[in-house]
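Down below is the structure, laid out as structure tokens.
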Amino acid sequence: MTLAVSGATVSLDPYLGGVRDLRFEGRPGTILPLHGGENSVHYGNGFTCSALGDPKSETPDVNWHPDEIWQSEAEAIARLTLARRVRGALVEKEIRLRRDEPILYQTHRITGGEGRMSVGHHPLIQLGRSGRLSFSSKQVALTEATSMEQGLLQYPAYSTDLSRFPGRGSKVDLHEYPARTAREDIVTLVEAQGNELGWSAVVRGAEDDIIFVLKDPRVLPLTKLRYSCDGSNWGQLAQGSGGLLEIEDGCADGQDALTEASSCVAFKASVLPLAMNRQHVVRQAIGAIPRPEGWKSIADIRVCGNELQLMGSNGQSVRLPFDNCFFGLPSYPDILQ
């Protein structure tokens, strides 16, 4: 299943419901924000939902049924429905591209049901060499109790300074990719209170571009990062070309993702409570641009009118057309004002 508009194309696996290929056309050439191929759909680039306390919900979220595909010069939309119910809840997916916008909009609607549900988006980014990560402000970064065999980080551990996370022998900068050597690490970031737009951005060195992921932090307050460099368990996916980075924006009950350090921050259970006649809307957007000259990292991302504004660490900014109704955010003035 393929959607196309001027400047962007996305191919979906209609059964698995994940993104198989995403391309943005521009100067100087095509940008591939996500790791592509059949295996990537199995390992990432999709959406998961699990009903807490229901072992049956741990089965993969597969067997999506296409309901509608609509394409015009202005936009392209695909709507799918998950064949199975999760705790009685209906789960619907919408994928959308808009003309001349280097952004993929994803919306999931969860209607009805009973109990509690955790959800997560799983974009999988390939890095050919190095990368520099940036984030909206976070309260804390935490690792789980279970140690990663090839990890550089301590397990469990936490830090409010993302540039100095406890490591095995020395501090580790979570903004760096890769971090000196082959690795396999998972760390969870908790969004700072009061953020209206949550975001993660990766400046890719070899690709010379910037990939950014946007979320509603009120619905998805956690960002789980999986660093997987050469020699790690995901090495076969990267095909020896560097490594992979998964940016999972989601919500959890405060137990499976966080350690005892969660008591040190203002974090509350963020699962979605299901109920008859209640609907939850989960939104995420993924975009990419060529790296402007001199940009090493991202300082801020915000919605300004009908534009998305990215500011580099050098004080310069880039504006992109954006659906300012997507996240339902107020419009802010120019970052530089």
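The values are calculated or read from the model by the stated rules, or taken from the named source; none is laboratory data. What you see is a predicted model; the values in this text were computed from it and never measured. So basically every Cβ, Gly included, is an ideal-geometry build from the backbone, and we count neighbours across all protein chains shown. The accessibility values were calculated without ligands, DNA or RNA, using every heavy atom of the protein model including side chains. Shrake-Rupley method; radii C 1.70, N 1.55, O 1.52, S 1.80 Å.
For residue 88, all conditions in the list (1) surrounded by fewer than 17 Cβ atoms within 10 Å (Cβ to Cβ); (2) farther than 21 Å from residue 252 by Cα hold save one; what is the number of the exception?
It is condition (2) that residue 88 fails.
Residues being modelled with pLDDT of 95 or more and closer than 21 Å to residue 104 by Cβ: count how many of those fall in the stretch 308-325. Working first, answer last.
The initial filter retains those residues of the stretch 308-325 that are modelled with pLDDT of 95 or more, namely 308-312, 316-323.
Within this subset, residues satisfying the condition of being closer than 21 Å to residue 104 by Cβ are 308-310, 318-323.
The number of residues fulfilling the criteria is 9.
Among the numbered conditions (1) in a strand (DSSP E or B); (2) at pLDDT 95 or above; (3) open to solvent by less than 60 Å² (accessible area, probe 1.4 Å), tell me where residue 295 comes up short.
Every condition holds for residue 295 apart from (1).
Which residue, of 130, 159, 170, is free of Cβ contacts under 8 Å to residues at least 60 places away in the same chain and open to solvent by 40 Å² or more (accessible area, probe 1.4 Å)?
Working: 130 fails: free of Cβ contacts under 8 Å to residues at least 60 places away in the same chain; 159 fails: open to solvent by 40 Å² or more (accessible area, probe 1.4 Å).
After applying the criteria, what remains is 170.
May I ask you to list pairs of residues, at least six apart or on different chains, whose Cβ atoms are under 7 Å apart, with the first in the stretch 73-86 being charged (D, E, K, R) and the second being part of a loop (DSSP other than H, G, I, E, B) and at pLDDT 95 or above?
73/99; 75/99
Would you confirm, using the coordinates I've provided, whether residue 337 is modelled with pLDDT of 95 or more and either farther than 22 Å from residue 25 by Cα or out of contact with any helix residue (DSSP H, G or I) (no Cβ under 7 Å at 6 or more places or on another chain) (or both)? Break it down stepwise before answering.
Values: modelled with pLDDT of 95 or more: no; either farther than 22 Å from residue 25 by Cα or out of contact with any helix residue (DSSP H, G or I) (no Cβ under 7 Å at 6 or more places or on another chain) (or both): yes.
Judged against the criteria, residue 337 is not a match.
Within the stretch 115-127, which residues are open to solvent by 10 Å² or more (accessible area, probe 1.4 Å) and either of a type in the set (Lys, Arg) or touching a Pro at 6+ places or on another chain (Cβ under 9 Å) (or both)?
Narrowing the stretch 115-127 to residues open to solvent by 10 Å² or more (accessible area, probe 1.4 Å): 115-116, 118, 122, 126.
Within the stretch 115-127, 115, 116 qualify.
Working only within the stretch 10-47, note down all residues that are among the polar types (S, T, N, Q), crowded, with 18+ Cβ neighbours inside 10 Å and at pLDDT 80 or above. Steps first, please.
Kept after step one, since they are among the polar types (S, T, N, Q), are these residues of the stretch 10-47: 11, 30, 39-40, 45.
Okay, now just the ones that are also crowded, with 18+ Cβ neighbours inside 10 Å, so 40, 45.
Hits for the stretch 10-47: nothing passes.
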